[in-house]
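In what follows, a single structure is set out as structure tokens and then discussed.
Computed from the coordinates by the stated procedures, all read-outs in this text should not be read as laboratory data. If you're wondering where the values come from, they're calculated on a predicted model, not measured in any experiment. We place every Cβ from the backbone using ideal geometry, glycine too, and count neighbours over all the protein chains shown.
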Amino acid sequence: MEYKDYYKIMGLSRNANEDEIKRAYRKLARKYHPDVSKEKNAEAKFKELGEAYEVLKDPQKRAAYDRLGNNWKAGEEFRPPPKWDEGFEFKGGDFTGGDAGVFSDFFEQLFGRAGFHPSGGGPGGSHARGQDSHAKIYINLEDSIQGATRTISLSTPETDAQGYVQVKSRSLNIKIPKGIKPGQHIRLAGQGATGSGGGKAGDLLLEIAFNKHPLYRVSDTDIYLDLPVTPWEAALGAKVKVPTPDGSIELKIPPNSRQGSKLRLKGRGLPGQTPGDFFVVLQIALPPADTERAKAIYRTMQQELDFNPRLPLGG
């Protein structure tokens, strides 16, 4: 996919400020507006100009676009670097040029099919609420079970008094509610992009993801633990110590338990109005035949036990 140099389209340097971007847009919009222009391919150029202005006028989109860094040479084949757009998701907006919602494949690969709507206000229009910002944060399973307060650091693009974009870092204290699940969001009002013309700031939506846990895995509100057991514990039954997020418990293994059998502890999953469950999944671990005595025991089992696990397969 061909890279689009939005600065070149608007005839701007890469350090152009906000006023320079607005002036360039006004000048070129008059030149290429399809209703009045006699330029060749005026409609296509007007749409291309509107797309460039949509990105460069917005501090967040411009900062995301500029993250392409040295890969900006016009005409090169574009492939976004891994995770280059992490933390950016743009929805809404006030697209003012061309046919609203019609963007190039390049734009949509960077920012998604954002569904912009025309504001009719043109550059420097009326008060507009800032866009909502999106980011993903990783928490521990225990944070969801117990609730927690965490501090996160964010890098946010802002426009200074001279109209230049600067990236500033800030820290926020956030409260992790009990029972929050992966994929759910925490909304922080007023912590998104700044509004234009004195409009209110947007919100910051934090998508929750869980760090990988060394013992447990989560499915919706349920928690799973793979528990190794010996063949005789599975065959004869036993009482074994089992770790849970709330502390160790003693669990009874029923006789004749099979590989993959699930034992449910009701209500010991993620908390909530309807708490999830805690599942213990039995994993039968075989002792190694690494001594003569161990090999002798296995030979005795082979001779004494009439057992062929492949009978259901016709073996």
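Quick notes on this one:
- The length gained on full extension between K38 and L154, counted as 0.36 nm times the residue separation minus their Cα-Cα distance, comes to 37.1 nm.
- Of all lysines in the structure, the ones whose alpha carbon falls short of 24 Å from that of K47, not counting any fewer than 8 places away in one chain, are K4, K8, K22, K27, K31, K38, K57, K61, K73, K91.
- Across segment 170-315, the fraction of Cα-Cα pairs farther apart than 20 Å, rounded to a whole number, is 66%.
- Under a 5 Å amide H cut-off, with hydrogens placed 1.01 Å from N, I284 pairs with V229, G260 among residues at least 5 apart or on other chains.
- Most to least packed among 170-181, 47-58 [average Cβ atoms within 10 Å]: 47-58, 170-181
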